[in-house]
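Undergrad: Next up is a structure, given as structure tokens.
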Amino acid sequence: MTSEQKQAYIVFFKKLVDSNDLLEKLAELEHKQWETWTQYMLDHDTIVNRMRWQRQSLTDYRELSEEDKEKDRIWARKILQVLAQVATYAEST
């Protein structure tokens, strides 16, 4: 990769990070994640689940089970999809 190409990527990603569209898309996704979690909590509110959620909230990501990590990865992949959509749009303008 040439120096000019690297500079072009830096400028592109700075624009991407500063994009209000990106901020709004990520905020919308975060709200959807919160909505999903809140509804799940309301539908499954038991003492056992509260104890499990409390334990999980005090656990570092690296110490989570693979099953719990995968639940987080699902939302991380959604963020990557938003970034890819915004990057595709930015490249076309």
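Undergrad: Does TRP53 satisfy the condition of being surrounded by 10 or more Cβ atoms within 10 Å (Cβ to Cβ), without any contact (Cβ under 8 Å) to a residue 24 or more places away in the chain, assigned to a helix (DSSP H, G or I) and not aliphatic (A, V, I, L, M)?
TA: The answer is yes for TRP53.
Undergrad: Follow-up question, since we're still on this one. Could you list all residues from the range 1-43 that are β-branched (Val, Ile, Thr) and assigned to a helix (DSSP H, G or I)?
TA: Result: ILE10, VAL11, VAL17, THR36, THR38.
Undergrad: When you look at ASP72, is it open to solvent by 60 Å² or more (accessible area, probe 1.4 Å) and assigned to a loop (DSSP other than H, G, I, E, B), yes or no?
TA: Taking the combined requirement at face value, the residue does not satisfy it.
Undergrad: Conditions first: (1) closer than 30 Å to PHE13 by Cβ; (2) open to solvent by 90 Å² or more (accessible area, probe 1.4 Å). VAL48 passes all but one, so which condition is the exception?
TA: (1)
Undergrad: Continuing with the same structure: Go through the residues of the range 80-90 one by one and say whether even a single one is out of contact with any Ser or Thr (no Cβ under 6 Å at 6 or more places or on another chain), of a type in the set (S, T, N, Q) and in contact (Cβ under 8 Å) with a residue 24 or more places away in the chain.
TA: Checked against the condition, which is being out of contact with any Ser or Thr (no Cβ under 6 Å at 6 or more places or on another chain), of a type in the set (S, T, N, Q) and in contact (Cβ under 8 Å) with a residue 24 or more places away in the chain, the range 80-90 yields at least one hit.
The values are calculated or read from the model by the stated rules, or taken from the named source; none is laboratory data. Everything numeric here is computed off the predicted structure, so don't read it as measured data. Glycine gets a Cβ as well: all are built from the backbone with ideal geometry, and neighbour counts include every protein chain shown. These accessible areas exclude ligands, DNA and RNA; they are computed on the full protein's heavy atoms, side chains included. Shrake-Rupley method; radii C 1.70, N 1.55, O 1.52, S 1.80 Å.
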